[in-house]
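These notes concern the structure reproduced below.
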Amino acid sequence: MFLPYRLISTQTVGASPLSSQPPEKTADGAWTVGRIIDWTTAHLKKHGSESPRLEAEILLAHARQCPRIQLYVQYNELLTDDQRTVMRDLVKRRAQAEPVAYLVGHREFFALDFRVTPDVLIPRPETETLVLQLITAAKSSPNPRILDIGTGSGCIAVAAAVNVPGASVTAVDISPQALEIANDNAHRHSVAGRIRLLEGDLFGPLAGEEQFDLIVSNPPYVADGEMATLPADIRLHEPHLALKAGPQGLDVIARLISQAAARLAPRGAIFVELSPEQADAVTGLFNDSGQFEPPRTIKDSSGRERVVTARRKS
């Protein structure tokens, strides 16, 4: 889901990204890898980046089509004309708030590399808390049946399948474009044979009375009125379908909780990601349903309540 931080502001600080591109040559020669990194780091910092050095390296590695680690042994190498052209375009677009993950087409999540496009949310570190809890619960069963609602890029489903070899995973999303990305990521990590992808809303595409041992979801949870306050890279580029969720941001979570018990095997558990300020409200939804044991909240690495989990009553 979205993160409450600003990576790049659309407000220009100093010269514009069009007028402040690196010149063709430095005073003592053509641009090297090291000089491009230094210039780009300073430029992105002026435009609000909170991790300008990292972003500069990621963009340059993409422009040079090499692993980022190789840049450290290529510091004095010159960029080709084509590489310099690609890098100029990437830096310009990043300074205009386009997310780095979309620019380079992938993002690391749970020690795995995932393809991402503007059709899916960019996987975030906070969601790794959700995945860790899911995997821990799944490993207590030899062949757990897992359902991922709102799979997006498939990062949760794929991470679960990779880390729990005995698991069978069903992943649902309302967006056919997102399912294409999820399918690609499942094949990329050689788990496509254990992940079933279904198109539809929440539990709608499931057959009959099919049940699961574990249900996991990182659903839309941004309140409608909060959309205008999101950082520009999220508000302008990430899919609103995966973000907006009604006046309080709880519309999808409420529907999810009301329907989940019927799809859980006895003593099965559900894990839901949320915004920290929604923890009390979501806990109340579980309690009010009367179908779950008392829920508990789980904090992320920043110490903020990020996941609510509950077991179906016997």
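Read-outs throughout are calculated quantities, based only on the coordinates presented, and are distinct from any laboratory measurement. Everything numeric here is computed off the predicted structure, so don't read it as measured data. Cβ coordinates were reconstructed from backbone atoms using ideal geometry, including for glycine residues, and neighbour counts include every protein chain displayed.
For the reader, a short list of remarks on this structure follows.
- Listed candidates (1) 54, 52, 37; (2) 75, 40, 33; (3) 94, 70, 36 - label of the one calculated as Cα extents along the principal axes in Å: (2)
- With contacts taken as Cα pairs under 8 Å and at least 6 residues apart, segment 25-102 reaches a relative contact order of 35 percent.
- FRET efficiency estimate (nearest 0.05) - Cβ-Cβ, Asp81 to Glu277, R0 45 angstrom: 0.35
- Cα-centred dipole magnitude for segment 25-102, charges only on beta-carbon of K, R (+1) and D, E (-1), debye, nearest 20: 160 debye
- FRET efficiency, Glu209 to Arg304 (Cβ-Cβ, R0 35 Å, nearest 0.05): 0.45
- Taking the inverse of the mean reciprocal distance over all distinct Cα pairs, the Kirkwood hydrodynamic radius of segment 25-102 comes to 12.4 Å.
- Total charge dipole magnitude, segment 128-268, about the Cα centre, Cβ charges on Lys, Arg, Asp, Glu only, Debye to nearest 20: 460 debye
- Residue-averaged [θ]222 nm for the chain, counting only DSSP H segments that reach four residues, each worth -39500 (n - 2.57): -10500 deg cm²/dmol
- The relative contact order of the chain, computed from alpha carbon pairs under 8 Å that lie at least 6 residues apart in sequence, is 15 percent.
- Sequence-distant residues sharing a close amide H with Leu197 (under 5 Å, placed H): Ala171
- At full extension, Ser314 and Val73 could sit 80.8 nm farther apart than now, given 0.36 nm per residue minus the alpha carbon distance.
- For segment 75-208, the relative contact order comes to 19 percent (Cα pairs under 8 Å, sequence separation of at least 6).
- Cα→Cβ-extended label distance, 7 Å offset, between Thr297 and Ala111, nm: 3.0 nm
- Lys92 versus Asp184: modelled label distance in nm, points set 7 Å from Cα along the beta carbon direction: 2.4 nm
- Taking other C-beta atoms within 10 angstrom as a stand-in for reagent exposure, Val307, Val191 fall in the order Val191, Val307, fewest first.
- Bridge orientation summary for the chain: considering DSSP beta bridges with both residues in this region, about 45 percent are antiparallel.
- With neighbour counts taken as other beta-carbon atoms within 10 Å, the residues Cys66, Cys155 rank, fewest first, as Cys66, Cys155.
- Cα centre as origin, Lys/Arg/Asp/Glu Cβ charges: segment 246-314 dipole, Debye: 380 debye
- Fully extending the segment from His237 to Leu54, taken as 0.36 nm per residue of separation minus the present Cα-Cα distance, adds 63.8 nm.
- Estimated inter-spin distance, Met227 and Asn287, nm [label 7 Å along Cα→Cβ]: 3.2 nm
- Membrane-span-like helices in the chain, defined purely by DSSP H runs whose alpha carbon atoms cover 15 Å or more axially and whose average Kyte-Doolittle hydropathy reaches -0.5, are 33-46, 52-64, 125-138, 279-289.
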